[in-house]
(Lines give C-alpha, C1' and ligand atoms only; values in the text may rest on other atoms or scores of the structure.)
Protein backbone atom coordinates (compact mmCIF):
# COMPACT_ATOMS: atom_id res chain seq x y z
CA UNK A 1 0.00 0.00 0.00
CA UNK A 2 1.18 3.48 -0.83
CA UNK A 3 1.19 5.47 2.42
CA UNK A 4 -0.60 8.34 0.68
CA UNK A 5 -3.67 6.11 0.50
CA UNK A 6 -4.01 6.97 4.17
CA UNK A 7 -4.97 10.55 3.34
CA UNK A 8 -8.76 10.05 3.57
CA UNK A 9 -8.56 8.47 7.02
CA UNK A 10 -6.21 11.16 8.33
CA UNK A 11 -8.33 13.89 6.78
CA UNK A 12 -11.38 12.45 8.48
CA UNK A 13 -9.52 12.27 11.79
CA UNK A 14 -8.47 15.93 11.62
CA UNK A 15 -12.06 16.96 10.88
CA UNK A 16 -13.32 14.74 13.71
CA UNK A 17 -10.97 16.11 16.34
CA UNK A 18 -11.75 19.18 18.42
CA UNK A 19 -10.56 20.54 21.76
CA UNK A 20 -12.66 18.26 23.93
CA UNK A 21 -14.22 20.21 26.76
CA UNK A 22 -16.05 17.38 28.46
CA UNK A 23 -14.52 13.92 28.68
CA UNK A 24 -16.33 10.68 29.43
CA UNK A 25 -14.96 9.97 32.93
CA UNK A 26 -15.91 6.29 32.58
CA UNK A 27 -13.82 5.57 29.51
CA UNK A 28 -10.13 4.80 29.72
CA UNK A 29 -7.67 4.57 26.88
CA UNK A 30 -6.58 0.93 26.67
CA UNK A 31 -3.02 0.22 27.81
CA UNK A 32 -1.68 -0.82 24.40
CA UNK A 33 -2.90 2.39 22.78
CA UNK A 34 -1.57 4.50 25.61
CA UNK A 35 1.78 2.73 25.49
CA UNK A 36 2.05 3.68 21.86
CA UNK A 37 1.07 7.28 22.52
CA UNK A 38 3.82 7.52 25.14
CA UNK A 39 6.19 6.03 22.64
CA UNK A 40 5.19 8.70 20.13
CA UNK A 41 6.11 11.34 22.72
CA UNK A 42 9.51 9.75 23.19
CA UNK A 43 10.04 9.74 19.42
CA UNK A 44 9.18 13.42 18.94
CA UNK A 45 11.77 15.31 16.90
CA UNK A 46 13.58 18.19 18.59
CA UNK A 47 16.28 20.72 17.88
CA UNK A 48 19.62 18.84 17.60
CA UNK A 49 17.68 15.89 18.99
CA UNK A 50 18.27 17.34 22.47
CA UNK A 51 14.81 16.47 23.88
CA UNK A 52 14.88 19.23 26.51
CA UNK A 53 11.76 17.89 28.14
CA UNK A 54 10.01 15.56 30.52
CA UNK A 55 6.45 14.28 30.13
CA UNK A 56 4.47 13.73 33.30
CA UNK A 57 1.57 11.32 32.96
CA UNK A 58 -0.63 12.10 35.90
CA UNK A 59 -3.18 9.57 37.05
CA UNK A 60 -3.30 10.25 40.80
CA UNK A 61 -6.83 11.56 41.49
CA UNK A 62 -5.68 13.83 44.32
CA UNK A 63 -3.14 15.53 42.09
CA UNK A 64 -5.65 15.72 39.27
CA UNK A 65 -8.02 17.53 41.63
CA UNK A 66 -5.27 20.00 42.52
CA UNK A 67 -4.62 20.57 38.83
CA UNK A 68 -8.26 21.41 38.35
CA UNK A 69 -8.17 23.87 41.25
CA UNK A 70 -5.19 25.56 39.67
CA UNK A 71 -6.51 25.21 36.13
CA UNK A 72 -9.61 27.36 36.03
CA UNK A 73 -11.73 24.49 37.29
CA UNK A 74 -11.50 22.74 33.96
CA UNK A 75 -13.07 19.29 34.17
CA UNK A 76 -10.61 17.86 31.66
CA UNK A 77 -8.05 17.66 34.47
CA UNK A 78 -10.18 15.25 36.49
CA UNK A 79 -12.31 13.50 33.87
CA UNK A 80 -9.97 12.67 31.02
CA UNK A 81 -8.51 9.19 30.83
CA UNK A 82 -4.97 10.61 30.86
CA UNK A 83 -3.40 13.97 31.59
CA UNK A 84 0.05 14.92 30.35
CA UNK A 85 2.06 17.81 31.74
CA UNK A 86 4.73 18.86 29.24
CA UNK A 87 7.72 20.15 31.20
CA UNK A 88 10.95 21.64 29.93
CA UNK A 89 14.45 21.23 31.26
CA UNK A 90 15.12 24.79 32.43
CA UNK A 91 18.37 26.70 31.78
CA UNK A 92 19.59 23.74 29.77
CA UNK A 93 22.64 22.56 31.67
CA UNK A 94 25.85 21.28 30.13
CA UNK A 95 25.13 17.99 31.90
CA UNK A 96 22.07 17.52 29.67
CA UNK A 97 24.21 17.91 26.57
CA UNK A 98 26.78 15.50 27.99
CA UNK A 99 24.06 12.98 28.73
CA UNK A 100 22.83 13.33 25.17
CA UNK A 101 26.33 12.69 23.82
CA UNK A 102 26.60 9.59 25.97
CA UNK A 103 23.25 8.38 24.71
CA UNK A 104 24.25 8.84 21.07
CA UNK A 105 27.47 6.97 21.74
CA UNK A 106 25.54 4.16 23.41
CA UNK A 107 22.85 3.81 20.73
CA UNK A 108 25.17 4.12 17.75
CA UNK A 109 28.15 2.35 19.22
CA UNK A 110 30.56 5.21 18.56
CA UNK A 111 33.10 6.86 20.88
CA UNK A 112 31.82 9.96 22.66
CA UNK A 113 34.89 11.81 21.37
CA UNK A 114 33.72 11.36 17.78
CA UNK A 115 30.71 13.52 18.59
CA UNK A 116 32.66 16.56 19.63
CA UNK A 117 31.95 18.59 16.44
CA UNK A 118 28.20 18.25 17.06
CA UNK A 119 28.56 18.94 20.76
CA UNK A 120 30.66 22.03 20.09
CA UNK A 121 27.99 23.29 17.71
CA UNK A 122 25.31 22.75 20.35
CA UNK A 123 27.39 24.45 23.03
CA UNK A 124 28.10 27.45 20.82
CA UNK A 125 24.36 27.87 20.31
CA UNK A 126 22.08 27.00 23.24
CA UNK A 127 24.69 26.71 26.00
CA UNK A 128 26.98 29.68 25.38
CA UNK A 129 25.72 31.22 22.17
CA UNK A 130 23.07 33.69 21.04
CA UNK A 131 20.15 31.44 21.90
CA UNK A 132 21.25 31.02 25.50
CA UNK A 133 19.28 34.16 26.39
CA UNK A 134 16.07 32.51 25.19
CA UNK A 135 16.95 28.92 26.01
CA UNK A 136 13.80 28.29 28.05
CA UNK A 137 11.63 29.57 25.23
CA UNK A 138 13.62 27.45 22.80
CA UNK A 139 12.90 24.44 25.03
CA UNK A 140 9.22 25.34 25.31
CA UNK A 141 8.94 25.45 21.53
CA UNK A 142 10.37 21.95 21.37
CA UNK A 143 7.74 20.79 23.86
CA UNK A 144 5.08 22.21 21.57
CA UNK A 145 6.39 20.06 18.73
CA UNK A 146 5.62 17.10 21.00
CA UNK A 147 2.17 18.53 21.74
CA UNK A 148 1.39 19.03 18.05
CA UNK A 149 2.55 15.60 17.00
CA UNK A 150 0.72 14.01 19.91
CA UNK A 151 -2.63 15.61 19.12
CA UNK A 152 -2.40 14.82 15.43
CA UNK A 153 -1.51 11.17 15.93
CA UNK A 154 -4.02 10.70 18.76
CA UNK A 155 -6.76 11.90 16.40
CA UNK A 156 -5.70 9.35 13.80
CA UNK A 157 -6.11 6.70 16.51
CA UNK A 158 -9.57 7.96 17.45
CA UNK A 159 -8.39 9.43 20.74
CA UNK A 160 -9.76 12.78 21.85
CA UNK A 161 -7.47 15.44 23.23
CA UNK A 162 -7.63 18.89 24.71
CA UNK A 163 -4.52 21.09 24.84
CA UNK A 164 -4.55 23.26 27.95
CA UNK A 165 -2.60 26.46 28.44
CA UNK A 166 -5.14 27.73 30.95
CA UNK A 167 -3.45 26.73 34.19
CA UNK A 168 -1.07 28.25 36.71
CA UNK A 169 2.38 26.93 35.75
CA UNK A 170 3.95 28.02 39.06
CA UNK A 171 1.28 26.10 40.99
CA UNK A 172 1.73 23.01 38.82
CA UNK A 173 5.50 23.20 39.29
CA UNK A 174 4.91 23.32 43.03
CA UNK A 175 2.48 20.39 42.99
CA UNK A 176 4.89 18.25 40.98
CA UNK A 177 8.03 19.51 42.73
CA UNK A 178 9.57 20.53 39.43
CA UNK A 179 11.63 23.59 40.30
CA UNK A 180 14.13 21.77 42.50
CA UNK A 181 14.61 19.30 39.67
CA UNK A 182 15.38 21.98 37.06
CA UNK A 183 12.07 21.50 35.29
CA UNK A 184 9.09 23.73 34.54
CA UNK A 185 5.63 22.98 33.19
CA UNK A 186 4.74 24.72 29.93
CA UNK A 187 1.53 23.16 28.62
CA UNK A 188 -0.84 20.29 29.37
CA UNK A 189 -2.88 17.91 27.28
CA UNK A 190 -5.83 15.81 28.37
CA UNK A 191 -6.57 12.65 26.40
CA UNK A 192 -9.42 10.18 26.39
CA UNK A 193 -12.90 10.03 24.94
CA UNK A 194 -15.40 12.83 24.52
CA UNK A 195 -18.51 12.77 26.64
CA UNK A 196 -21.62 12.09 24.55
CA UNK A 197 -23.04 15.26 26.09
CA UNK A 198 -20.21 17.58 25.07
CA UNK A 199 -22.04 20.08 22.90
CA UNK A 200 -18.76 21.43 21.55
CA UNK A 201 -18.36 18.24 19.55
CA UNK A 202 -21.20 19.38 17.30
CA UNK A 203 -19.94 22.88 16.63
CA UNK A 204 -18.62 23.47 13.14
CA UNK A 205 -14.84 23.67 13.11
CA UNK A 206 -13.60 27.23 12.62
CA UNK A 207 -10.45 27.90 10.65
CA UNK A 208 -9.51 30.89 8.56
CA UNK A 209 -9.91 30.30 4.85
CA UNK A 210 -6.85 28.55 3.39
CA UNK A 211 -6.01 31.62 1.28
CA UNK A 212 -5.82 33.67 4.48
CA UNK A 213 -3.18 31.50 6.14
CA UNK A 214 -1.32 29.89 3.25
CA UNK A 215 0.68 31.83 0.73
CA UNK A 216 2.50 30.33 -2.25
CA UNK A 217 5.65 31.99 -3.45
CA UNK B 1 -11.97 -0.83 11.56
CA UNK B 2 -10.97 0.35 14.99
CA UNK B 3 -8.65 3.34 14.49
CA UNK B 4 -6.21 1.87 17.01
CA UNK B 5 -5.45 -0.84 14.45
CA UNK B 6 -3.44 1.90 12.79
CA UNK B 7 -0.84 1.79 15.55
CA UNK B 8 1.63 -0.50 13.77
CA UNK B 9 1.71 1.65 10.64
CA UNK B 10 2.13 4.87 12.62
CA UNK B 11 4.78 3.29 14.80
CA UNK B 12 6.66 2.20 11.70
CA UNK B 13 6.34 5.72 10.24
CA UNK B 14 7.79 7.34 13.37
CA UNK B 15 10.70 4.93 13.33
CA UNK B 16 11.22 5.56 9.61
CA UNK B 17 11.27 9.32 9.85
CA UNK B 18 14.42 11.32 10.58
CA UNK B 19 15.54 14.87 10.00
CA UNK B 20 16.38 14.48 6.34
CA UNK B 21 19.65 16.19 5.54
CA UNK B 22 19.81 15.44 1.85
CA UNK B 23 16.68 15.47 -0.28
CA UNK B 24 16.25 13.92 -3.71
CA UNK B 25 16.02 17.08 -5.83
CA UNK B 26 14.34 15.12 -8.63
CA UNK B 27 11.34 13.94 -6.63
CA UNK B 28 8.32 16.12 -6.06
CA UNK B 29 5.45 15.47 -3.68
CA UNK B 30 2.40 14.87 -5.85
CA UNK B 31 -0.19 17.66 -5.83
CA UNK B 32 -2.96 15.67 -4.10
CA UNK B 33 -0.68 14.73 -1.22
CA UNK B 34 0.64 18.25 -0.91
CA UNK B 35 -2.89 19.68 -0.98
CA UNK B 36 -3.75 17.48 1.95
CA UNK B 37 -0.60 18.47 3.86
CA UNK B 38 -1.51 22.15 3.40
CA UNK B 39 -4.98 21.32 4.60
CA UNK B 40 -3.50 19.70 7.71
CA UNK B 41 -1.65 22.95 8.41
CA UNK B 42 -4.90 24.89 8.13
CA UNK B 43 -6.58 22.45 10.53
CA UNK B 44 -3.85 22.72 13.20
CA UNK B 45 -5.25 23.39 16.69
CA UNK B 46 -4.20 26.62 18.40
CA UNK B 47 -4.84 28.53 21.60
CA UNK B 48 -8.46 29.80 21.52
CA UNK B 49 -8.42 28.71 17.88
CA UNK B 50 -6.74 32.04 17.09
CA UNK B 51 -4.35 30.71 14.44
CA UNK B 52 -1.79 33.50 14.90
CA UNK B 53 0.17 32.37 11.89
CA UNK B 54 0.81 32.31 8.19
CA UNK B 55 2.42 29.47 6.28
CA UNK B 56 4.59 30.39 3.32
CA UNK B 57 5.07 27.63 0.78
CA UNK B 58 8.11 28.67 -1.15
CA UNK B 59 8.77 27.17 -4.56
CA UNK B 60 10.56 30.03 -6.32
CA UNK B 61 14.12 28.78 -6.98
CA UNK B 62 15.65 32.25 -6.62
CA UNK B 63 14.10 32.71 -3.19
CA UNK B 64 15.05 29.18 -2.23
CA UNK B 65 18.65 30.01 -3.14
CA UNK B 66 18.51 33.09 -0.92
CA UNK B 67 17.14 30.97 1.91
CA UNK B 68 20.10 28.66 1.56
CA UNK B 69 22.52 31.58 1.66
CA UNK B 70 20.89 32.77 4.85
CA UNK B 71 20.40 29.30 6.25
CA UNK B 72 23.91 27.96 6.82
CA UNK B 73 24.07 26.70 3.25
CA UNK B 74 21.72 23.87 4.04
CA UNK B 75 20.80 22.00 0.86
CA UNK B 76 17.31 21.24 2.15
CA UNK B 77 16.33 24.79 1.20
CA UNK B 78 17.05 24.22 -2.46
CA UNK B 79 16.61 20.48 -2.92
CA UNK B 80 13.46 19.56 -1.03
CA UNK B 81 10.23 19.26 -2.95
CA UNK B 82 8.58 21.88 -0.73
CA UNK B 83 9.76 24.41 1.81
CA UNK B 84 7.45 25.91 4.42
CA UNK B 85 8.27 29.04 6.39
CA UNK B 86 6.16 29.17 9.54
CA UNK B 87 5.48 32.83 10.34
CA UNK B 88 3.65 34.33 13.28
CA UNK B 89 1.36 37.33 13.39
CA UNK B 90 3.46 39.69 15.52
CA UNK B 91 2.10 41.78 18.40
CA UNK B 92 -1.28 40.14 17.86
CA UNK B 93 -3.54 43.05 16.91
CA UNK B 94 -7.14 43.49 18.00
CA UNK B 95 -8.02 43.33 14.30
CA UNK B 96 -6.90 39.69 14.23
CA UNK B 97 -9.24 38.87 17.10
CA UNK B 98 -12.07 40.73 15.36
CA UNK B 99 -11.41 38.84 12.16
CA UNK B 100 -11.53 35.59 14.12
CA UNK B 101 -14.89 36.54 15.65
CA UNK B 102 -16.25 37.31 12.19
CA UNK B 103 -15.01 33.99 10.93
CA UNK B 104 -16.69 32.08 13.76
CA UNK B 105 -19.92 33.96 13.09
CA UNK B 106 -19.69 33.15 9.41
CA UNK B 107 -18.89 29.44 9.82
CA UNK B 108 -21.37 28.78 12.60
CA UNK B 109 -24.10 31.15 11.46
CA UNK B 110 -24.28 33.00 14.77
CA UNK B 111 -24.30 36.76 15.45
CA UNK B 112 -20.89 38.22 16.22
CA UNK B 113 -22.39 39.73 19.38
CA UNK B 114 -23.05 36.26 20.79
CA UNK B 115 -19.29 35.68 20.85
CA UNK B 116 -18.47 38.57 23.12
CA UNK B 117 -17.79 36.43 26.24
CA UNK B 118 -15.12 34.48 24.34
CA UNK B 119 -13.71 37.61 22.78
CA UNK B 120 -13.54 39.36 26.14
CA UNK B 121 -11.67 36.37 27.55
CA UNK B 122 -9.19 36.50 24.68
CA UNK B 123 -8.73 40.25 25.04
CA UNK B 124 -8.15 39.98 28.78
CA UNK B 125 -5.40 37.45 28.11
CA UNK B 126 -3.31 37.93 24.97
CA UNK B 127 -4.41 41.44 24.00
CA UNK B 128 -4.43 43.31 27.31
CA UNK B 129 -3.68 40.67 29.92
CA UNK B 130 -0.66 38.99 31.48
CA UNK B 131 0.34 37.12 28.35
CA UNK B 132 0.53 40.30 26.27
CA UNK B 133 4.15 40.70 27.36
CA UNK B 134 5.02 37.36 25.78
CA UNK B 135 2.49 37.39 22.96
CA UNK B 136 5.04 36.76 20.23
CA UNK B 137 6.40 33.76 22.09
CA UNK B 138 2.85 32.57 22.65
CA UNK B 139 2.31 32.82 18.90
CA UNK B 140 5.57 31.05 18.13
CA UNK B 141 4.56 28.14 20.36
CA UNK B 142 1.34 27.82 18.40
CA UNK B 143 3.35 27.69 15.17
CA UNK B 144 5.34 24.83 16.67
CA UNK B 145 2.11 22.89 17.23
CA UNK B 146 1.64 23.17 13.47
CA UNK B 147 5.21 22.04 12.90
CA UNK B 148 4.80 19.02 15.17
CA UNK B 149 1.53 17.90 13.69
CA UNK B 150 2.87 18.43 10.18
CA UNK B 151 5.98 16.30 10.69
CA UNK B 152 4.04 13.50 12.37
CA UNK B 153 1.35 13.28 9.72
CA UNK B 154 3.83 13.67 6.85
CA UNK B 155 5.72 10.66 8.18
CA UNK B 156 2.52 8.60 8.23
CA UNK B 157 2.12 9.52 4.55
CA UNK B 158 5.68 8.48 3.74
CA UNK B 159 6.86 12.06 3.25
CA UNK B 160 10.26 13.06 4.57
CA UNK B 161 10.73 16.27 6.47
CA UNK B 162 13.46 18.33 8.05
CA UNK B 163 12.63 20.98 10.62
CA UNK B 164 15.03 23.91 10.35
CA UNK B 165 15.77 26.45 13.07
CA UNK B 166 19.21 27.11 11.62
CA UNK B 167 18.48 30.19 9.54
CA UNK B 168 18.59 33.96 9.96
CA UNK B 169 15.00 34.96 10.75
CA UNK B 170 15.66 38.66 10.11
CA UNK B 171 17.04 37.85 6.67
CA UNK B 172 14.10 35.59 5.86
CA UNK B 173 11.69 38.30 6.99
CA UNK B 174 13.45 40.71 4.66
CA UNK B 175 13.38 38.29 1.73
CA UNK B 176 9.66 37.64 2.18
CA UNK B 177 8.78 41.23 3.11
CA UNK B 178 7.20 40.07 6.36
CA UNK B 179 7.90 42.91 8.77
CA UNK B 180 5.74 45.48 7.00
CA UNK B 181 2.93 42.96 7.05
CA UNK B 182 3.12 42.36 10.80
CA UNK B 183 4.59 38.89 10.38
CA UNK B 184 7.83 37.21 11.43
CA UNK B 185 9.39 33.87 10.52
CA UNK B 186 9.96 31.48 13.42
CA UNK B 187 10.86 28.09 11.95
CA UNK B 188 11.05 26.31 8.60
CA UNK B 189 10.33 22.80 7.43
CA UNK B 190 11.53 21.15 4.24
CA UNK B 191 9.44 18.28 2.86
CA UNK B 192 9.96 15.77 0.09
CA UNK B 193 11.88 12.54 -0.35
CA UNK B 194 15.21 11.56 1.08
CA UNK B 195 18.12 11.19 -1.27
CA UNK B 196 19.23 7.55 -1.60
CA UNK B 197 22.71 8.79 -0.67
CA UNK B 198 21.75 10.49 2.60
CA UNK B 199 23.86 8.56 5.07
CA UNK B 200 21.87 10.00 7.99
CA UNK B 201 18.95 7.79 6.99
CA UNK B 202 20.89 4.76 8.17
CA UNK B 203 21.92 6.12 11.55
CA UNK B 204 20.14 4.57 14.51
CA UNK B 205 17.57 6.92 15.96
CA UNK B 206 18.69 8.41 19.26
CA UNK B 207 16.18 9.11 22.00
CA UNK B 208 16.63 9.07 25.73
CA UNK B 209 15.27 5.94 27.37
CA UNK B 210 11.53 6.21 28.01
CA UNK B 211 12.08 6.14 31.77
CA UNK B 212 14.30 9.21 31.41
CA UNK B 213 11.65 11.38 29.77
CA UNK B 214 8.36 9.92 30.95
CA UNK B 215 7.24 9.90 34.54
CA UNK B 216 4.02 8.36 35.85
CA UNK B 217 2.37 9.94 38.85
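The values are calculated or read from the model by the stated rules, or taken from the named source; none is laboratory data. This structure is a prediction, so every number in the text was calculated from the model and none was measured. Every residue, glycine as well, gets a Cβ built from its backbone with ideal geometry; the counts of neighbours run over all protein chains shown.
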Count of residues meeting criterion [under 19 Å from residue A:34 (Cβ atoms), surrounded by fewer than 17 Cβ atoms within 10 Å (Cβ to Cβ) and within 22 Å of the chain's Cα centre (by Cα)] in region B:1-24
2
Listed by first then second residue, the pairs whose first member lies in region A:201-213 and is within 7 Å of chain B (Cβ to nearest Cβ) and within 21 Å of residue B:34 (Cβ to Cβ), whose partner is part of a loop (DSSP other than H, G, I, E, B) and at pLDDT 95 or above, with beta carbons under 6 Å and at least 6 positions apart or on separate chains, are A:208/B:51
Which condition number in (1) closer than 13 Å to residue B:85 by Cβ; (2) more than 11 Å from chain A (Cβ to nearest Cβ); (3) crowded, with 18+ Cβ neighbours inside 10 Å is the one that residue B:174 fails?
(3)
Residues located in region B:183-217, provided they are more than 30 Å from residue A:184 (Cβ to Cβ) and within 25 Å of the chain's Cα centre (by Cα)
B:190, B:191, B:192, B:193, B:194, B:195, B:198, B:200, B:201
Quick one: would you say residue A:142 is on the phi < 0 side of the Ramachandran plot and in contact with a strand residue (DSSP E or B) (Cβ under 8 Å, 6 or more places away or on another chain)?
yes
Listing of helices (runs of 4 or more DSSP H) fully contained in region B:1-102 that carry 1 or more residues being touching a strand residue (DSSP E or B) at 6+ places or on another chain (Cβ under 6 Å), farther than 27 Å from residue A:188 by Cα and touching a residue at least 60 places away in the same chain (Cβ under 8 Å):
B:76-79
